[in-house]
Each structure stands twice: as C-alpha cells, then as structure tokens.
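Enquirer: Structure below; questions to follow.
The values are calculated or read from the model by the stated rules, or taken from the named source; none is laboratory data. This one's a predicted model, so the numbers in the text were calculated from it and none came from an experiment. When we count neighbours, we look across all protein chains shown, and the Cβ atoms used for this are built from the backbone with ideal geometry, even at glycine. Side chains are part of the model used for accessible areas, which takes the heavy atoms of the whole protein and leaves out ligands, DNA and RNA. Shrake-Rupley method; radii C 1.70, N 1.55, O 1.52, S 1.80 Å.
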Amino acid sequence: MSKKNNSDRLDFAVIGHQDSWLNIKAFINGMRSISVGELSMEHIKDTFCYIPPRSVFKMKVRSKKGDTIHGVYIETFLDPEKLGPQYIRGNIKKVNEAIAVAQKLNAKIIALGGFTSIVLEGNLNPFNTTETKITTGNSLTSAFIIKGLENASKELNIDIKASQLLIIGATGDIGRACTNYFKGKVKGLLLCARNKKRLELFSKEISKEGIAVKYSTDLNHLIPEADIIISVASSKEIVIENHKKSVLICDAGYPKNLEQKIDVKAGVSLFHGGMGQIEEGYDFHPDYTKYFYKYPAPHIGHGCVLEAIVLAFENIFKNYSIGKGNITTDKIDQIYAMSVKHGIELAPFYNSQGLWGRNQKNIVL
Ligand SMILES: NC(=O)c1ccc[n+]([C@@H]2O[C@H](COP(=O)([O-])OP(=O)(O)OC[C@H]3O[C@@H](n4cnc5c(N)ncnc54)[C@H](OP(=O)(O)O)[C@@H]3O)[C@@H](O)[C@H]2O)c1
C-alpha cells in the first residue's frame with residue numbers, strides 16, 4: 001500500500017551533511033562513474049563546498065503497518081570542519097538553499113539532520129517555512145538516547161537509580177531533554193557545557209525542584225564521579241580522562257564527540273546513541289549505500305532523520321521539534337510510541353569496534 005496514491009508530493013526530505021573528509025571522499029567517488037576515475041582528497045577539498053545543495057538520491061521506506069513512503073536526501077555540501085558558530089552565516093545560507101530544494105520538490109516535511117546546533121545557535125530561527133514543515137528530529141533522537149541508556153544499564157547490571165549521570169552539552173536541545181527526563185530517576189546529575197551563565201541558570205532551575213545537581217564548565221571536575229555519561233555537545237574537542245573504569249557512555253554527537261579519545265576496549269561500554277533501526281527496511285535510488293553506509297547492522301538511521309519518517313507515516317505534517325528547550329518528556333514518549341508502531345526501534349548497541357550487547361546475536365547482515 002502506498003501513501004502517495006493521489007498526490008504528487010514527496011512525503012519527506014532529509015537535509016544532511018557529512019561528518020568527515022574521509023566519508024566525503026568515499027561518497028563523492030562512489031557517485032562518480034568508474035570510467036572517469038577517482039578524485040583526490042585535495043581536489044575534493046578544493047571544490048566540495050562550492051557545490052550548491054542538491055538532491056542526491058531518492059528514498060523509499062516501509063512501515064510494519066504496510067505503508068510505503070517516498071523521500072529524498074539533499075546534501076548541503078558543508079565543510080565538516082567548519083560547523084562551529086563562527087561559520088554560522090555561511091551554513092545557514094546553505095541550509096536555507098537546501099530547504100528551497102526540498103520545497104521545490106514539494107516535500108511535506110523536512111528532517112534537519114543534526115543541524116539544530118549549527119543553525120539554531122543563540123535561539124535563531126532563520127527558516128521561513130510555508131507549505132513544507134520542518135523538524136530537527138531531536139525528540140526521537142532524545143527518545144533513542146534515553147531508551148538506549150535504560151536498556152544498556154539493564155544489560156550491564158547498572159542501577160540507574162543509584163548512578164551519577166553526567167550530561168555533556170546539558171544546556172543544548174537534546175541535553176536539556178535528557179536532563180529533564182532523568183531528573184529524579186538517578187542519584188544525581190552532573191551537568192557540563194561551556195557557557196557558564198546558561199549552565200548555572202539551567203542547573204539552578206533543576207536544583208530548585210529538589211534534585212541533586214552539580215555543574216561545571218570544566219569536565220575534569222565531573223568525570224571522576226560519573227557512572228553514566230551522555231555526550232550531546234556539538235564538539236569533537238572533548239577529552240574524557242580519569243573516568244570510572246566501567247563507565248557507560250552514550251556518544252550521540254554528530255560528528256562523534258568522544259570516541260577517538262577513549263579506549264572502548266578497556267572496560268568502558270560506549271555506544272553510538274540516538275540511533276534507530278527500520279524493521280521493514282528502506283531502498284535508496286541510486287543505491288549509494290555501500291559508499292557511505294557505516295553501520296554494523298542493516299537499516300540503521302539517525303533519530304533526527306527517522307523522526308521525519310515517523311511523522312510522514314503518521315500523516316503529521318507540522319513543525320514538530322523546533323527551537324531549543326521545547327522537548328518535553330511527554331513529547332519523547334509520544335514520538336517513541338509512534339516510531340515503534342511503524343517498526344522503527346532502538347538500534348543495537350555498537351561503536352567503532354562493532355556491535356555489542358544482547359541484540360547483536362539477532363543481526364543478519
Ligand atoms: N544521533 C542523532 O540522530 C542526532 C540527531 C540530532 C543531533 N545530533 C547531534 O547531537 C548533538 C547535540 O545536538 P543539539 O541539537 O542538542 O545541539 P545544541 O542545542 O547546540 O547543544 C549543544 C550543547 O553542547 C554544549 N557544548 C558545545 N561544545 C561543548 C564542549 N566542548 N564542552 C561541553 N559542552 C559543549 C553547548 O553549550 P555551550 O555552547 O555553552 O558549550 C550545548 O549545551 C550535536 O552534535 C548534533 O549533531 C545527533
């Protein structure tokens with residue numbers, strides 16, 4: 001059964017960016033015909049960011065309820081090393097151009113794959129959304145982070161109620177959602193971000209509710225106490241030292257915040273968080289998956305992208321997750337329930353070493 005019967009509109013569009021030059025090289029050369037040969041990294045770095053945003057492949061996604069929806073992936077061609085606030089003007093311009101492409105394609109809803117931190121910095125909302133609606137996807141991303149931590153804790157026999165939870169990036173959109181969800185469910189909260197004023201204000205709000213909170217802009221003051229860590233900072237610069245030997249870490253940043261600097265073999269359980277898996281699968285046309293699909297199990301996707309897909313399955317075409325600090329626990333529960341209904345569940349646990357945990361036994365690649 002297709003939901004596109006009497007409409008020529010695309011159900012969804014995903015606006016994305018790549019997280020490293022290595023991935024960009026694989027992606028660009030994968031799209032080129034073999035006869036024209038591979039482009040060098042130097043050539044790609046010289047030209048990539050001058051390419052205007054454009055649709056790169058079509059997507060077809062299936063729900064376990066029987067529906068099929070159609071979408072498109074639009075690449076923004078952003079420099080993965082220039083995502084910080086100092087590049088915000090140029091990045092907003094490109095994201096707006098990508099939105100215009102999605103609108104021209106008549107997409108009903110757009111997923112801003114991991115872009116909130118780039119374009120909504122300082123509570124900016126530069127988008128003029130008309131017919132096409134937008135979601136940052138941060139509600140479902142938060143849901144997958146939370147469910148992931150709850151499930152991983154069970155598997156590792158970690159008592160969440162007796163644990164100190166460190167949230168790196170606590171004042172961000174996802175960080176706030178996770179803090180608000182876990183307050184009262186853990187022994188104590190350890191909150192970290194760079195902007196002291198914002199962090200202090202948020203931490204005080206939480207402690208007024210009688211919740212045990214310690215906050216610092218210096219991670220070193222918090223790490224030794226943490227039993228569980230969620231990292232949702234938009235930064236690759238984070239170094240985790242002096243952590244507890246068996247700490248559980250959910251690294252949900254894009255690009256990854258922590259992994260390169262932590263030895264996942266040394267007793268630390270780290271998983272890439274905020275990820276879901278589509279039970280009924282999807283198809284890309286042209287099929288470029290082998291050039292940029294980096295996951296150790298099939299049909300894994302970012303929560304932010306999957307949120308727009310879930311909304312399209314549900315025929316909910318409105319600006320769903322938007323702005324910063326608006327994600328409530330009810331909203332997290334609501335989007336997660338809708339997601340599960342369509343067979344989009346939490347992804348199995350994995351990190352750069354591959355899959356871990358109970359779920360990996362069920363994976364057939
Ligand atoms: N897995 C997925 O599907 C998925 C989906 C959406 C987003 N994401 C990723 O999740 C991350 C968070 O997204 P968001 O929308 O919540 O971003 P956001 O609203 O911009 O929040 C980022 C937070 O990180 C803090 N921060 C930045 N650099 C830091 C550092 N070096 N040390 C400590 N704190 C730092 C920021 O506060 P200060 O500026 O005060 O430091 C802020 O609290 C991003 O990397 C995003 O790409 C992943």
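Enquirer: Quick check, is E237 within 16 Å of G325 (Cβ to Cβ) and either touching a helix residue (DSSP H, G or I) at 6+ places or on another chain (Cβ under 7 Å) or open to solvent by 10 Å² or more (accessible area, probe 1.4 Å) (or both)?
Expert: Taking the combined requirement at face value, the residue does not satisfy it.
Enquirer: Now for a separate question. Which ones in region 78-112 are in a loop (DSSP other than H, G, I, E, B) and either outside the structural domain of P53 (by TED's automatic domain parsing) or surrounded by fewer than 21 Cβ atoms within 10 Å (Cβ to Cβ) (or both)?
Expert: D79, P80, E81, K82, G84, L105, N106
Enquirer: Cβ-Cβ under 6 Å, sequence separation 6+ or interchain: first residue in region 164-184 and over 22 Å from I240 (Cβ atoms), partner aliphatic (A, V, I, L, M) and assigned to a helix (DSSP H, G or I). Which pairs?
Expert: Correct list of pairs: Y181/I146; K183/I206.
Enquirer: Somewhere in region 299-312, is a residue surrounded by fewer than 18 Cβ atoms within 10 Å (Cβ to Cβ) and either outside the structural domain of D19 (by TED's automatic domain parsing) or among the charged types (D, E, K, R) (or both)?
Expert: No.
Enquirer: Checking K318 against (1) away from the ligand (no atom under 15 Å from the Cβ); (2) open to solvent by 40 Å² or more (accessible area, probe 1.4 Å); (3) outside any loop (DSSP other than H, G, I, E, B): exactly one of these is not met. Which one?
Expert: Answer for K318: the failing condition is (3).
Enquirer: Since D159 meets every condition but one in (1) within 15 Å of the ligand (Cβ to nearest atom); (2) under 26 Å from K147 (Cβ atoms), which condition does it not meet?
Expert: Going through the list (1) within 15 Å of the ligand (Cβ to nearest atom); (2) under 26 Å from K147 (Cβ atoms), D159 breaks only (1).
Enquirer: Tell me which of these Y350 doesn't satisfy, since it passes every other one: (1) touching a residue at least 12 places away in the same chain (Cβ under 8 Å); (2) part of a helix (DSSP H, G or I).
Expert: Checking Y350 against (1) touching a residue at least 12 places away in the same chain (Cβ under 8 Å); (2) part of a helix (DSSP H, G or I), the one that fails is (2).
Enquirer: Please specify each residue of region 19-39 satisfying the condition of being assigned to a loop (DSSP other than H, G, I, E, B) and surrounded by fewer than 15 Cβ atoms within 10 Å (Cβ to Cβ).
Expert: The answer is S20, R32, S33, G37, E38.
Enquirer: In the set K245, K208, which member is under 28 Å from S139 (Cβ atoms), more than 13 Å from the ligand (Cβ to nearest atom), in the same structural domain as I167 (by TED's automatic domain parsing) and surrounded by fewer than 14 Cβ atoms within 10 Å (Cβ to Cβ)?
Expert: When all the criteria are applied, what remains is K208.
Enquirer: Quick one: count up the residues across region 46-77 that are surrounded by fewer than 16 Cβ atoms within 10 Å (Cβ to Cβ) and part of a loop (DSSP other than H, G, I, E, B).
Expert: Residues that pass the stated criteria total 5.
Enquirer: OK, next. Kindly indicate the residue of region 289-298 that is assigned to a helix (DSSP H, G or I) and in contact (Cβ under 8 Å) with a residue 24 or more places away in the chain and also surrounded by the fewest Cβ atoms within 10 Å (Cβ to Cβ) among those meeting that condition.
Expert: K290
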